[in-house]
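Student: Below is one structure. I have some questions about it.
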Amino acid sequence: MSSISYFISRLLQIIPTFLIVMVIIFMLVRALPGDPAIAMADAKATAEQLEQIRQRLGLNEPIWVQFGLFVKNTLTGNLGDSILLKAPVTEVIFERLPASGFLALYSVLFSLLIAGPLAFVAALNRNGWIDITIRSAFQIGLSTPVFYIGLILLTFLAAKMRWFPVGGYGATFWEHMHHLLLPALTVALYTSAIIMRNLRSSVIEVVDAEYVQFARAKGLPEHIILGRHVLRNALISTVTLLGLSIGNLMSGTLVTETVFAVPGVGRLMLDAIFARDYPLIQGLTLTFAVLVSIIFLLTDMIQAMLDPRLRVS
Amino acid sequence: MMLKRLLPHKTQMLVLLRPGFLVGLAILLGSLALAIFPAAFAPFEPNAFNYSALKQPPSFEHWFGTDNLGRDTLSRVIWAYSVNMQMAFVATIFALVIGVTVGALVGYYGGIADAIFGRCVDAIITFPFLVLVIAVVAVLGPGLTNMYIAITLVGWVYYARLMRAEIMGQMANDYAAAGKVMGYSDRRIIFRHLLPNAITPVIVYWMTDMALAILLGSSLGYLGLGAQPPQAEWGVLIAEGRNFITTAWWLSLMPGIAIVLTGLGFSLVGDGLADLMRPRG
Amino acid sequence: MKKILMATVAVAAMMSAFPASALERGGSLTFARYDDSTLIDPIYADRNPDIWMVTNLYDTLLRTEADGKTVTSGLASSYAVAEDGLSVSLTLRDGIKFSDGTPIEGKDVVFSLQRAANPDLSPWAGLLASVDSVSAEGNTINIALKNSDPTIVLMLATFNTAIVSADAFAAAEGETDQDKSSSLSIEGFVGSGPFVMKSHQRGSMMQFAANPHYWREGEDGKALPYIDGINFLVIPDDATRILKLQAGEVDAAEFIPFARVSEMQADPKINMELFPSTRIIYSPINTRPERADGSANPLANVKLRQALNFATNKDALVQLVLHGAGKPVTSGLMASTTQLATDNGPLYQYDLDKAKALIAEAGVADGTEITLTTLAGSADDGIILAALQQMWSDIGIKLNVAQVDGPTRGAKNRSGDFDIHTYGWVNDVNDPAQVAGWLGYNPTAKAVGTGWDNAEFNSLYEASNTEMDPAKRAEQYARMQEIYAEAAPLLFMYETPFAVALSQDVKGYVQTPLGNNEFATAWIDR
């Protein structure tokens, strides 16, 4: 199979995925107890007022009519109006997406910078004290809730030392870099721990593998072995893992965004769920599905490039 | 040749004597003891108020201090072990079994099953994980059992995807083809030949996942969707203590240390097992 | 030595001549909020972050004094209610202008009030149900009523009747009234309040600037507001909001958790304000004979409900949850700051013996299980639960818990699928009719979902809504409160202030008992 037709077939596979996502999210939000009317005017409205709101929002239509409308509108790129924010869903999402995207990329960058070198050091000193120290240090990042780490960083580095602003997003690129450094680091402490563990494990596996032993026996210099075999194979699994955890990463920023007051989509999603804002939850989920699908596609492509075996199958 | 693959090599058994693995094992066994017999270790009743000892710093009487209701922090941290260790295991084991089985079958047979399955997995993975869990818990109602169901509903796909990729990688190896030529049943090839070789990354991931399950359970506890108060749970304890991070640091730090230690135990043991089970050429 | 002494004396003299609180104009205030506004419009404001901002952007015809009870002039310089109580006339102040410099005229008032009374547009239309028609002749506004309405004057001092510009709405882009309001809030904002909307980045920041055409005068005889503008930052996390204030990045932070009030009070750079509020925390009790699942409901027995109230040590709750910054309710139906609230001391003062006696009379079995539904993730609810579990175990009640999120709790309340659940309330208007209707009048919302239905209460409530004699109305309210407290459809708990922490140099900021953030008289001491 050529790369192009592989690419196209992967692209086509996104369509059914997308349909499934639409059905699941549509059913799921309506299965949540309570509805937008209750969430909106809970402790104030009379029964008639609630009925009025439901009527206005079209919640009294038969469920299949609502679903039909949802599919039709989505196909035309109209995600409806947010009930909570009283504005078009697409507009709201595009306002909020940059902050989350910036944070996600920033933290991936951090994670690779932290995890990459240390994983090699740990792997090559396997089970020595250096290895155990590195792994224990990462374990702290992996096991501490983000709201706690975030708060500690904010308390000491931002509020006490005044090196960073206490939360927020800023207006320019450099301000974003400054404001988001602590939240990115918070997320990275967690992601880098996962990447480090995996990378270390695959480096060890490759180093032990026969072909590497063979290369070594042939007398190839160590840096060439590391570069050619170890690095490439370690990359394959890291790319898979990054692809897999990108979903986690983006929804994991939900709590981080709240603690650091970053106006991103994670926090928006939480607000949307608590407001039973059906259009906004649906819109965010679909946007998320598109983004993650694209990332998966990219990881698949990169994997296929790195590992020709996968392309054949 | 096949037998050798299943049983660890003699030199590999030495892994079990390495300090990392031993420390990890000690931590996990200790945690398990605390989880099973909390009453034997906790000096106080975990939910008993003591109005005359509010927010007291660590002392000889209260090693980890007391909280804003005068409850003994050490006792609460210890009682939380049963909840959190249960979380680590129950929230992951079903996901592991389902994921590994499905992933192996799909990876081996491929074809239509793989295609249908791939789309379902993609659909679940493209969903924001935490959001799906929050939504499922909201629908089923909060509480630990429903939280486990929610985490399993989502969690198994990660194992399945990992397993499928590994199996497909293994099938490119000679021995899988050899098995077919020798007329072994599919079941035997999958579960006796491919699986043992492909399981290493899954086990390593499982150990990480157990630590992650504690963390996820804690986040959900923080959002009020996990353990129900006044039951002590590390995430809830940290969340309760975070308003006092500067005035009563012990409230959040002590459960924090418990989470980190337990996570470290899982990770060290996981790495040891990975070394042990890594097939030798 | 002598010189230094002289200098000190001189400084002291200067300080007494110009007190530290000498008013200063200018500067802008940065305010950290717990949630963002969505659409600040008198009639579309339906969440507190919107409602509490309205009067900064739009002024009302009448105003209430700082005590929240006395009505005084606003955009209208005077008002009169007809003898028969069936009409109100008001005279608009001379020379008042919208923020774009156009005059505020009768047609704007007619437009605003008709909009506010239109049930198809405004969720608050019910508050103006008595309004029949609104007309204007020159500077005189006439409001004809369908029936006498003791609350109408207060309603004209309430956010939903604030005045918007008819011309601006006519010219605004958009199909529906709400679309027009949204587009006005983004560009070409026109308002009648002390501030105008300058910019709004949803979810992170909002800026107000002073309205140069505002009419009300400050203490220095010049037009309000004193400050040039306000920057609102949205910081949803309590701890982060406080850190932001401690780091000096903001001048004020609202909704300080009560657990941290004493810490803020001890900080010399911070002025910890506890503004009196109409906020009450209470727990509706399901009084229906059967639970939603069909089983018999022990709580239908009033004696058990009274017993639970007696077995609850509210002073302890106030200490544990509010760290002392609050007090047990004294009227079952409303906060003590509400008009017509009666005060006969704390309701159901903790009395374990009475509680045990009532339990015995009620014939409730030892170990009876009751479920408390709490708000997931709420630290306060967690403490309430833990405390009630202990307190009620003394009378043989086993309290279970179900944690849910807000809308789930709302849905359970509406369908009667609960035993007891936590709830809170803040008045939106200064009159008790709103809260009494919600908590006790069955037709409104089944007496806050409890299913409690008392004929005498209902007829008193209906009568009070058209009773123009203040003394008689007060009597009716006194009786309603008596009936309500006796029947105990709620677990009566406590009232709390609004906790706002300000930097020491911010003066004159007020949060009213209704929660409204008042920035018009705020100033910064530099």
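Rule-based calculations on the coordinates, nothing more; no lab input. Here the structure is a predicted model, which is why all the values come from computation and not from measurement. Glycine also receives a Cβ, built like all others from the backbone with ideal geometry; neighbour counts cover every protein chain displayed.
Student: Per residue, what volume in Å³ does the convex hull of the Cα atoms of the stretch C:427-503 enclose?
Tutor: 124
Student: Under the rule of -39500 (n - 2.57) per DSSP H run of 4 or more residues, summed and divided by the residues of chain C, what mean residue ellipticity at 222 nm is obtained, to the nearest 500 deg cm²/dmol?
Tutor: -9000 deg cm²/dmol
Student: For B:Leu22 and A:Asp208, FRET efficiency with R0 = 22 Å and r from the beta-carbon atoms, rounded to 0.05?
Tutor: 0.50
Student: Still on this model: Work out which helices of chain B, taken as complete DSSP H runs, extend at least 24 Å along their axis over the Cα atoms and score a mean Kyte-Doolittle of -0.5 or more, then list them.
Tutor: Those that pass (Cα extent of 24 Å or more, hydropathy at least -0.5) are B:19-36, B:73-109, B:144-171, B:195-222, B:250-277.
Student: For peptide A:25-36, how many partner chain Cβ atoms fall within 10 Å of a residue's Cβ, on average?
Tutor: 5
Student: Take the cross-link list C:Lys327/C:Lys356; C:Lys303/C:Lys356; C:Lys198/C:Lys222; C:Lys303/C:Lys398; A:Lys44/C:Lys446; C:Lys146/C:Lys180 and give me the ones stretching past 20 Å between alpha-carbons.
Tutor: In this structure, C:Lys327/C:Lys356; C:Lys198/C:Lys222; C:Lys146/C:Lys180 exceed 20 Å between Cα atoms.
Student: Quickly work out the A:Lys218-to-A:Arg54 label distance, labels modelled 7 Å from Cα along the C-beta direction, and quote it in nm with one decimal.
Tutor: My value for the distance between the label points is 7.3 nm.
Student: Oh, and also: Take the Cβ-Cβ distance between A:Phe94 and C:Ser78 as r, set R0 to 45 Å, and report the resulting FRET efficiency rounded to the nearest 0.05.
Tutor: Computed FRET efficiency for A:Phe94 and C:Ser78: 0.35.
Student: Moving on to the next point. What's the local net charge at C:Ile141, with K and R +1, D and E -1, over the other residues with C-beta under 12 Å away?
Tutor: Taking every other residue near C:Ile141 into account, the sum is -1.
Student: In the stretch A:90-310, with Lys and Arg counted as +1 and Asp and Glu as -1 at Cβ, which of these residues, A:Gly128, A:Ile140, A:Phe274, has the Cα nearest the positive end of the dipole, that is, farthest along it?
Tutor: Checking the options against the dipole of the stretch A:90-310, the answer is A:Gly128.
Student: Hey, what number do you get for chain B at 222 nm if only DSSP H runs of n ≥ 4 count, each worth -39500 (n - 2.57), divided across all residues, to the nearest 500?
Tutor: -23000 deg cm²/dmol
Student: I'd like the orientation of helix C:406-415 relative to chain C: the angle between its Cα long axis and the longest Cα principal axis, in ° from 0 to 90, rounded to 10.
Tutor: Roughly 50 degrees, rounded to the nearest 10.
Student: Quick check: residue separation of C:Lys198 and C:Ser336 times 0.36 nm, minus the Cα distance between them. What number comes out in nm?
Tutor: Working it through step by step, the gained length comes to 45.9 nm.
Student: Give me the lysines in straight-line cross-link reach of C:Lys244: C-alpha distance below 21 Å, same-chain residues under 8 apart excluded.
Tutor: Within the straight-line cut-off, C:Lys244 pairs with A:Lys160, C:Lys269, C:Lys507.
Student: Taking the Cα centre of the stretch C:180-258 as origin, sum charge times position over the Cβ atoms of Lys and Arg (+1) and Asp and Glu (-1), and report the length of that vector in debye to the nearest 20.
Tutor: Dipole of the stretch C:180-258, to the nearest 20 debye: 320 debye.
Student: Further question: In which sequence would C:Ile186, B:Ile149 go, from the one with the fewest C-beta neighbours within 10 Å to the one with the most?
Tutor: So the ranking, lowest neighbour count to highest, is C:Ile186, B:Ile149.
Student: Roughly how many nanometres apart are two label points built 7 Å out from the Cα toward the Cβ at C:Asp267 and C:Lys222?
Tutor: So the two model labels end up 3.2 nm from each other.
Student: Between C:Ala520, C:Ser295, C:Ala445, whose Cα lies farthest towards the positive end of the dipole of chain C when Lys and Arg beta carbons carry +1 and Asp and Glu beta carbons carry -1, centred on the Cα centre?
Tutor: In chain C, that residue is C:Ala520.
Student: Once you charge only the Cβ atoms, +1 for Lys and Arg and -1 for Asp and Glu, what is the size of the charge dipole of chain C about its Cα centre, to the nearest 20 debye?
Tutor: Computed charge dipole of chain C: roughly 1060 debye.
Student: Treating only the Cβ atoms of Lys and Arg (+1) and Asp and Glu (-1) as charged, compute the dipole magnitude of the protein assembly as shown about its Cα centre; round to the nearest 20 debye.
Tutor: For the protein assembly as shown, the charge dipole is close to 5100 debye.
Student: A further question follows. For a Förster distance of 22 Å, can you work out the FRET efficiency between the beta-carbons of B:Ala39 and B:Trp63, rounded to the nearest 0.05?
Tutor: That gives a FRET efficiency of 0.85.
Student: A follow-up question, please. Quick check: pseudo-label points 7 Å beyond the Cα along Cα→Cβ at C:Thr91 and C:Ala300, how many nm apart are they?
Tutor: Rounded to a tenth, the inter-label distance reads 6.1 nm.
Student: Mind telling me which of A:Arg267, A:Arg56, A:Arg30 comes out most flexible in a GNM of chain A, alpha-carbon contacts under 10 Å?
Tutor: Residue with maximal mean-square fluctuation among A:Arg267, A:Arg56, A:Arg30: A:Arg56.
Student: Further question on the same structure: Using the Kirkwood radius built from alpha carbon pairs, what does the Stokes-Einstein equation give as D for the stretch B:99-157 at 10 °C and 1.306 mPa s, in µm² per second?
Tutor: It diffuses with D of about 128 µm²/s by this estimate.
Student: Averaged across the residues of B:241-248, what count of C-beta atoms belonging to other chains lies within 10 Å of each residue's C-beta?
Tutor: Averaged over the peptide's residues, the number is 6.
Student: Considering the zone a paramagnetic label at B:Thr145 would reach in this model (a point 7 Å from Cα along the Cα-to-Cβ line), which residues of the stretch B:206-236 have amide N under 16 Å from it?
Tutor: Within reach of a label on B:Thr145, which here means backbone N under 16 Å from a point 7 Å along Cα→Cβ, the stretch B:206-236 contributes B:226-228.
Student: Sorted by average packing, counted as other Cβ atoms within 10 angstrom per residue and highest first, what order do A:159-169, C:341-351 take?
Tutor: A:159-169, C:341-351
Student: Can you tell me what the convex hull of the Cα atoms of the stretch A:3-75 projects to on average, as an area in nm²?
Tutor: Mean projected area of the Cα convex hull: 6.3 nm².
Student: Right, next: What shape does chain C have by the C-alpha gyration tensor, where a ≥ b ≥ c are the square roots of the eigenvalues, rounded means a/c under 1.5, and otherwise prolate means a/b greater than b/c and oblate the rest?
Tutor: It is oblate, given that a/c is not under 1.5 and a/b is not larger than b/c.
Student: Right, something else. Tell me, what is the Rg over Rh of chain A, with Rh the Kirkwood radius over Cα pairs?
Tutor: 1.06
Student: Over all residues in C:229-235, what is the mean tally of Cβ atoms on other chains that come within 10 Å of each residue's Cβ?
Tutor: 2
Student: Mind ranking C:91-100, C:196-205 by how tightly packed they are, going by the mean number of other C-beta atoms within 10 angstrom, highest first?
Tutor: Packing order, densest peptide first, comes out as C:196-205, C:91-100.
Student: Under the definition of Cα pairs under 8 Å and six or more residues apart, what whole-number percent is the relative contact order of chain A?
Tutor: 27
Student: For C:Asp505 and C:Glu482, compute 0.36 nm times the residue count separating them, minus their Cα-Cα distance, and round to one decimal in nm.
Tutor: 3.8 nm
Student: Still on this structure, I have one more. Please determine, in degrees from 0 to 90 and to the nearest 10, the orientation of helix C:106-117 with respect to the longest principal axis defined by the Cα atoms of chain C, where the helix direction is its Cα long axis.
Tutor: The helix C:106-117 is inclined about 20 degrees to chain C.
Student: Can you give the translational diffusion coefficient of the protein assembly as shown in µm²/s, computed by Stokes-Einstein from the Kirkwood radius over Cα pairs at 20 °C and 1.002 mPa s?
Tutor: The calculation lands on 66 µm²/s.
Student: Give me the distance between the Cα centres of the stretch C:209-287 and the stretch C:135-170, rounded to whole Å.
Tutor: Value for the Cα centre distance between the two parts: 30 Å.
Student: Hey, another quick one. Quick one: the Cα spread of the stretch A:127-265 along its three principal axes, in angstroms, biggest first?
Tutor: Result for the stretch A:127-265: principal-axis Cα extents of 57, 30, 24 Å.
Student: Here is a further query. Calculated from DSSP H runs of 4 or more alone, at -39500 (n - 2.57) each and per residue, what is the 222 nm mean residue ellipticity of chain A, nearest 500?
Tutor: -25000 deg cm²/dmol
Student: Over chain C, what relative contact order in percent results from Cα pairs under 8 Å that are six or more residues apart?
Tutor: Computed value for chain C: 19 percent relative contact order.
Student: Quick check on the stretch C:253-364: what does the Kirkwood estimate of hydrodynamic radius come out to from the alpha carbon pairs, in Å?
Tutor: 16.6
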